[in-house]
1. Arrange Ile89, Ile5 by Cβ neighbour counts within 10 Å, fewest through most, would you?
2. Picking from Ala39, Ala114, Ala17, which is most flexible by a Gaussian network model of the chain using Cα springs under 10 Å?
3. Mind checking segment 155-205 for trypsin sites (Lys or Arg not before Pro) that DSSP puts in a loop (not H, G, I, E or B) and that have at most 15 other Cβ atoms within 10 Å?
4. Could you rank the peptides 77-88, 101-112 by their average count of other C-beta atoms within 10 Å per residue, with the highest value first?
5. What per residue convex hull volume, in Å³, do the alpha-carbon atoms of segment 151-205 yield?
6. With just the Cα atoms defining each centre, how far is segment 1-19 from segment 150-194? Give it in Å.
7. Above 27 angstrom, tally the Cα pairs of the chain and express them as a % of all pairs, no decimals.
8. If you plug each phi of segment 67-79 into the Karplus form 6.51 cos²θ - 1.76 cosθ + 1.60 with θ = phi - 60°, what whole-Hz ³J(HN,Hα) values come out, in order, with x for Gly and Pro?
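Values quoted throughout were computed directly from the atomic coordinates according to the rules given, and no laboratory measurement underlies them. Since the model is a prediction, treat every value here as computed from it, not as a measurement. Reconstructed Cβ throughout: ideal geometry from the backbone, glycine too, with neighbour counts over all protein chains shown.
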Amino acid sequence: MVTGIAMANSPLQLHQAMGYSLLVYAGTAQLAALPLLVAGAPIWVSVMTALMVNLRFIIYSAGLRPSFRSQSLGMRYRIGYLISDMAFIMYMREEARWRHEPLRAYYFLGLAFANYVIWHIASLIGLVGGALIPETWGLAFAGTLALVTILVPMLVSPAAITACVVAGVTAVCLRGLPYKLGLIAAIVSGVLAAVLVEKRAVTHV
């Protein structure tokens with residue numbers, strides 16, 4: 001809904017906003033790239049910002065690979081498109097039990113498609129009713145809190161904690177850069193910090 005409200009307050013028309021939501025289907029990427037598109041930033045900056053914000057989906061895909069590597073290419077395309085934070089977290093809670101089940105792909109698609117439908121219904125509500133929802137409701141902050149609830153359970157290793165701290169400090173320090181380049185720098189620095197910590201841990205084992 002927060003994403004829909006953000007698009008409702010942009011120059012995008014309704015059909016453009018819904019097309020954007022269907023094509024991208026990633027709230028953080030949409031929110032990061034939308035102001036760049038509206039501001040007329042170079043398209044490569046918008047694309048790179050969206051890609052950087054969505055780097056976590058590479059990690060999600062790697063986590064799902066043991067379950068779905070034997071599936072057909074078409075099935076893996078469908079799973080890949082529908083991967084979301086919630087679907088990934090819910091599936092991975094039972095991944096060990098489902099890994100060898102013949103219907104595991106359909107179990108994941110059921111989770112993911114339910115999330116997909118709810119996402120777009122909420123996005124449409126935000127688009128249509130965005131102008132009617134007062135800013136005092138603080139929905140934008142509610143969206144941030146929702147992301148925090150996803151992030152915190154992932155902070156279970158020194159590498160993850162290091163990545164979070166380094167990325168957060170970098171984002172704050174470079175928040176004044178144009179085209180949200182500080183966000184890209186924060187993501188890159190966080191990933192590099194995590195890799196260095198992981199390598200050091202392996203070396204000392």
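1. Working: Ile89 14, Ile5 23.
Ranking Ile89, Ile5 by Cβ neighbours within 10 Å, fewest first, gives Ile89, Ile5.
2. Ala39
3. On the way: sites: Arg175, Lys180, Lys199, Arg200; in loops: Arg175.
Sparse-neighbourhood loop trypsin sites (Lys or Arg not before Pro): Arg175.
4. Numbers: 77-88: 17.3, 101-112: 15.6.
Result, highest mean Cβ count within 10 Å first: 77-88, 101-112.
5. Working: hull volume 3.4 nm³, N = 55.
Value for segment 151-205: 62 Å³ per residue.
6. Cα centroid to Cα centroid, the span is 27 Å.
7. Numbers: 8211 of 20910 pairs.
When every Cα pair of the chain is considered, 39 percent fall beyond 27 Å.
8. 7, 10, 5, 8, 6, 5, 4, x, 5, 5, 4, 5, 4
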